[in-house]
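The values are calculated or read from the model by the stated rules, or taken from the named source; none is laboratory data. Here the structure is a predicted model, which is why all the values come from computation and not from measurement. Backbone-built Cβ (ideal geometry, glycine too); neighbour counts: all protein chains shown. Keep in mind that these areas ignore ligands, DNA and RNA; they rest on the heavy atoms of the full protein, side chains included. Shrake-Rupley method; radii C 1.70, N 1.55, O 1.52, S 1.80 Å.
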Amino acid sequence: MMQSVLILGRQPKLGLAELESLYGSAKIRRAGTSAAVVDIDPCLLAFDRLGGSVKFCKVLAELDTTQWKEIEKFLLTAAPDHAKQMPEGKMHLGLSLYDFKESVRHIEATGLTLKKAIRKTGRSVRLVPNKEAALSSAQVLHNRLTSTHGWELVFIRDNGKTIIAQTVNIQDIDSYTIRDRSRPKRDARVGMLPPKLAQIIINLAAGELPEDKLKSICDIPEGGIVTRPHLQQTILDPFCGTGVVLQESALMGYDVYGTDLEPRMVEYTKTNLVWLNSTYKLEGSYDFRFANADATIAQWELPIDFIACETYLGRPFTVRPTAEVLAQTVADCNLILKRFLQNIHGQIQSGTRLCLAVPAWHMSTTEFKHLPLIDQIQDLGYNRTSFEHVGAESLLYYREDQIVARELLVITRK
């Protein structure tokens, strides 16, 4: 089986946990600090639903060296032969390095040397200049490096070895922008959950994907839209806000059930899901359910297969709060989440999985203040999910300048 390599996003631990959740720990291996090797059929890798991976690559070679001169020597031998096999026309070439310490100038020098070697075969080649060691998704997209005439070579330092791979797909940044900014109803006051993070939350809640439900992307013509089959499972978001988690769930093929304390948010979610259906032409008879409900006392209709949501995050601090203000905010968030978990416990079956984005407060470069409830989760009737490739306590989504982070709490009802 041909191995795939995924380049992980800005916070690699989230991407690793997402992959382990979907495909199981045995099929995932971390490569360096920025990538993961996945041992499944590449045609069944649901890259379009992954929020934590930015590039999807196929492995071309693995070298028993990390010395760049040795790698260059290999490239000058192998690349011209590969170029001869590509369709006629101008070739677009780019290089991306992960976990190497080569300078941008050195990378570009290698690219120019490689370009000259390929041109000797009679091919016309354009080299994409590096701004950093690795090309961004936007650079790969705008230079068409995943097209039939494109070739982004990816080099990953993996302990004492080097993985050489070719990018075959990248995150659809244009579609993410549309789903984030073009929805008819948005409200910055209730937070702006990024669609990528919503995908990660859903995937951590859903757990391992059944292979018989996956559509092979190898059967889809180039440029075709990947529409996932109807999975006939329901995801509940009890704090649905403007419906970002629900929209991403629907695109993955799930039925969706959203509730919120504010009637205005429920109406926003309905409007946004109507827009999503008309924009993306969802296939199948999806079940969309909505209700105005307080998550601490609500009685939800069954079935509910998974729970995925961003809970109440408290006050959106822009400056570090006083100890008293922070203590009160922590207590308020903790109480709401505790009452929600107590309420829903008797309404879902044993083994039901939940992924909740809860607040954590960035106190210093490496220190976070967490909700007290997390240490009491077993007393509330839940088990916290552990991951082999990443610590459950490190599933944090934040920017360096952000005070309120999102901690992804993955739990299972006992």
Answer with one residue from Leu380, Gln347, Leu395: the one whose Cα lies farthest towards the positive end of the charge dipole of segment 316-411, charges on Cβ with Lys, Arg +1 and Asp, Glu -1.
Gln347
Could you go through segment 41-53 in sequence order and give the Karplus-derived ³J(HN,Hα) for each residue, using 6.51 cos²θ - 1.76 cosθ + 1.60 with θ = phi - 60°, rounded to whole Hz, and x for Gly and Pro?
4, x, 5, 9, 7, 7, 4, 5, 9, 8, x, x, 10
What's the FRET efficiency of Glu324 with Ser350 using the Cβ-Cβ distance as r and R₀ = 41 Å, to the nearest 0.05?
0.50
Given the -39500 (n - 2.57) contribution per DSSP H run of 4+ residues, what per-residue ellipticity at 222 nm results for the chain, rounded to the nearest 500 deg cm²/dmol?
-9500 deg cm²/dmol
Which of rounded, prolate or oblate describes segment 258-303 when judged by the alpha-carbon gyration tensor and an a/c cut-off of 1.5?
oblate
Leaving out ligands, DNA and RNA, what percent of the accessible area of segment 250-348 is carbon and sulfur, probe 1.4 Å?
54 percent
Segment 49-191, accessible area per residue, ligands and nucleic acids excluded (1.4 Å, Å²):
50 Å²
Name all residues of segment 34-65 having a backbone nitrogen under 13 Å from the label point set 7 Å from the Cα of Phe74 along its Cα→Cβ direction, giving them as ranges.
59-65
Rounded if a/c is under 1.5, else prolate if a/b beats b/c, else oblate: with a ≥ b ≥ c from the C-alpha gyration tensor eigenvalues square-rooted, which is segment 314-414?
oblate
On C-alpha positions alone, give me the angle between the axis of helix 323-345 and the longest principal axis of the chain, in degrees, nearest 10.
80 degrees
Carbon/sulfur fraction of accessible area - segment 123-170, other protein chains in place, 1.4 Å, %:
46 percent
Anyone know which of Leu236, Leu14, Leu396 comes out most mobile in the 10 Å Cα GNM of the chain?
Leu396
Take Thr271 and Asn292, extend 7 Å from each Cα along the Cα→Cβ direction, and tell me the distance between the two endpoints in nm.
1.6 nm
Is the shape of segment 277-354 rounded, prolate or oblate, going by the alpha carbon gyration tensor and its root eigenvalues a ≥ b ≥ c, with a/c under 1.5 for rounded and a/b larger than b/c for prolate?
oblate
Counting Lys and Arg as +1 and Asp and Glu as -1 over every other residue whose Cβ sits under 11 Å from the Cβ of Ser53, the net charge comes to +1
